[in-house]
C-alpha cells in the first residue's frame, strides 16, 4: 500500500494542498469545499470507479480503496467517498455518472426503497451520508414486481431531514413519495442490498484505518513535544504503553481493512469469503476506532478536547463512520449466525481459506 | 514524521493450500490411528510425543525452510506457516520438536559452527531432537542482560556455573541454547559480555529439577550448571556479543500463528455449545470473536509474507504478539460470559467446561512467555520514536 501509485499520489497531493486538516480547522467557513472538490473532480478522482465508457476514470478497485484510506488520513469533509461509491453502484447497472457530488444508499440495514411499476420511487432511507451536499443520489431499490434495481435520481426529488453526523457532515433521512428518477436499470444478477452494504462497509473501514493512522501520528508527535514534570510526556512509560496500544489498534485496522479491500478487488462476486473479510473488517476496525479515539484523547489531554485542535476532525469522524453501512454489533450478529450455522468444526477451515 | 505500519494483504499461494490439505489428511490419519487426541486429556497444550515428532520429521515438515544440506526442504516461510497453524489448531503433540524448529535451528544456522550444524540440524529435521531455551535466571527474567550464569574460559572450551529457571522442556531436552556471562558488562554497554552456547544436556555437571505449574503440569524446570564443560565449537556467534544476535530471531517467534491460536479450541467449543441457532447475544459474541481472530490472522500472515521477503518487521511482529496474546488470554473469559445461558446439561457443555477450565488456568502465561506485554510495548514505543 505504501508503493507509489499515481492515483493515490494525485489524491494525496490535492488533499494536502486544498483540504489540509489543520488549515481547514482554522477556516471560518466551508469556502474551501469548492476549490477542493473542483480539483478532485478535475483529476477524475470523484468518478475513479466508473469505467471510461460511462464517463469515469476506470481506476482499479484496489487503487480506489487506497484513495479511501487517504480520505480517512485527511478527515475529508467533502463527499469523495460517497461519490466514488455512487459512481461504482451506477456502473454496476451500466448507468453513466453525472457530474457533481453524489451520495449513495441505503446505508442502514433494513431501509427499503420501492420502485412502482410506473417507475416512481417511494420509501425512506434513514441516514444517507452527505445527501444534503449531493446533486444526485445513487440508490438501490426493490421493484414492486420483484428484483433489485439501481436508481439515479436528483436529490431535489426527495424530502431531506436536516441531520448532521457527529462530525458535522450532512447525514440525512431521505424520503421519496412517488419521485421520478433520472435513470433506472436492473441490478446485475446476484447484486442486492447486501452487496452495497458490503462495499460501503469496506469503504468506511479503509477511511477509519486512515483516520487511525492520522491520530497515531498526532498523538506520537504531541507526546514528543509536550513537556510535563520536566520531560516530554513520551518518556513516561504509562504514556508509551498507551501509544503502543494505539499503534496496535491502528495496525489491526490497517491490516483488516486492507485485507477486505483486497478480497473485494479480487473476487468475482460478493460471496461468503468477501462477507467474512468485510464483516470482520467493519467489526474490528470499528472496535479499533472506539479504542483508538479514546487513547488519542487521553494522550492529548485538554487541548485535544478543544475545537481549536485538529484531533476532533478525526475522532468525530471515527465515531460517526462506525455507524455507516452497518455498525459492529449488526455485522457481528450476522457473522456469528453464519459461523453457528456451519458447525463448530467448520470455523477453522473458513478462517484458513485465504 | 509519520509512522508507517505496513501490513500488505497477502493471499497464501496455491502450493500452501495444497500443503494444508496434506497436513489435514495426515492429522486426521494420526488421530484415527490414536497417535494423539485433539482434546484436553489428549494434551491440548502441545504434548510431547516421540512417535508423532518422528512422523512429522519423515514428512519433511520440521526445518522445512532450512538448506537441504542440513536436512531441510528449502520450502517457503509461508508453507511453514501453514504447517504451524494446522498443527496448532489440531492441538497436535509438537512439544518435542517445536522450539527446535521455530527458534533453535534458525539460530544455529545463522551462528553455529559447521560441525554443530552438520551434527544437530539433520536430527532436528528428523524429529529426534528436543531443544530448551536457557534465558531466565533467578535474578533475571525480562531483563536478559542481567544474566549472571558464568561461562569461564578453560582449555579447549568453557566451564559453566550457575542456574537457569522457568526452562520449559529441559527435562526432555537433548540440547539447550543458553545465554551465559563470559565478561562483565562495560560502562558504555551494559549488554556487553554475554555469549550464546549450544549446551548438550548430557554433559556432566548439569542437573534438571522440576518446577510444577499451577495446573499441576511439569513443563518448567530449574537447570543447575556445576563446572559443565562446553567445547569451543559450541559457541553461537560472537563471544561477548550475544546482544547483537538477540532481536532478529525474535521476529519469527513473535508473529507466528501460535501467538493468538493457543486457546483457539475455546472458540470452537463455544460455537459448539451455543449450537446452530444462538440467541442475539451469543451470535454477536461469536461474531466479534471471529472478526477479531480473523483480523489477527490476516495481520500475522502479512508479517509472514514480510519475513518471506527477507524483511525484518520487528515492530509489526511485536504488535502481532501484543494484540494476539491479549486476545487469546481474554478469550476464555469472553467465552465463559457468552456460554452462561447455554443449555446446562449436554455432552457439548461438559466438553466446553473442560476446555474452558484448562484455558483459563494456562491463560496467565500467554502474555509472559517469549517477551512480556510490557517488553513488547517498549519495543513498539521505540519503533514509534518515543524512546
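Points 7 angstrom from Cα along the Cβ direction at residue B:207 and residue A:303: gap in nanometres? For the pair residue B:207/residue A:303, the computed spacing is 6.1 nm. Note: relative contact order over chain B, using C-alpha pairs below 8 Å and six or more positions apart, is 15 percent. Taking 7 Å steps out from each Cα toward its Cβ at residue B:186 and residue B:119 produces label points 3.2 nm apart. With the biggest extent put first, the Cα atoms of chain A measure 74, 57, 37 Å across the principal axes. Compared with the dominant principal axis of the Cα atoms in chain B, helix B:314-338 is inclined by about 40°. Relative to the dominant Cα principal axis of chain A, helix A:328-341 is inclined by about 70°. Build a GNM of chain A with springs between Cα atoms under 10 Å apart, and of A:102, A:199, A:208 the one that fluctuates most is A:199. Per-residue shielding of A:213-225, expressed as the average number of other chain Cβ atoms within 10 Å of the residue Cβ, stands at 3. With neighbour counts taken as other beta-carbon atoms within 10 Å, the residues B:16, A:104 rank, fewest first, as B:16, A:104. Maximal additional length on extending the residue A:290-residue A:182 stretch stands at 34.9 nm, based on 0.36 nm per residue less the C-alpha distance.
Extending 7 Å from Cα along the Cβ direction at residue B:17 and again at residue A:268 yields two label points whose distance is 1.2 nm. Counting other Cβ atoms within 10 Å as a rough exposure proxy, the listed residues A:176, B:220 run B:220, A:176 from fewest neighbours to most. Taking Cα atoms, how many degrees apart are the long axis of helix B:77-89 and the longest axis of chain B, rounded to 10 and kept between 0 and 90? The two axes meet at around 60 degrees. Dividing the mean sequence gap of close Cα pairs (under 8 Å, 6+ apart) by how many residues region B:272-387 holds gives a relative contact order of 35 percent.
For the protein assembly as shown, the share of DSSP beta bridges that are antiparallel, to the nearest 5, is 80%.
Bridges between two residues of chain B, per DSSP, are antiparallel at a rate of about 85%.
Summarising the strand pairing of chain A, around 80 percent of its internal DSSP beta bridges are antiparallel. Note on B:212, B:175, A:222: ascending count of other Cβ atoms within 10 Å places them as B:212, A:222, B:175, the fewest first. The protection proxy used here, the mean number of other Cβ atoms lying within 10 Å of each residue, ranks peptides A:189-197, B:342-350 as follows, highest first: A:189-197, B:342-350. Taking the helices alone, the protein assembly as shown has a mean residue ellipticity at 222 nm of -15000 deg cm²/dmol, built from -39,500 (n - 2.57) per DSSP H run of at least 4 residues and averaged over all its residues. For region A:193-351, the relative contact order is 32 percent, taking Cα pairs closer than 8 Å that sit 6 or more residues apart in sequence and dividing their mean separation by the residue count.
Since every read-out is calculated from the coordinates, none of them should be taken as a lab result. These numbers were taken from a predicted model, which means no experiment stands behind them. Every residue, glycine among them, receives a Cβ derived from its backbone with ideal geometry; neighbour counts consider all protein chains shown.
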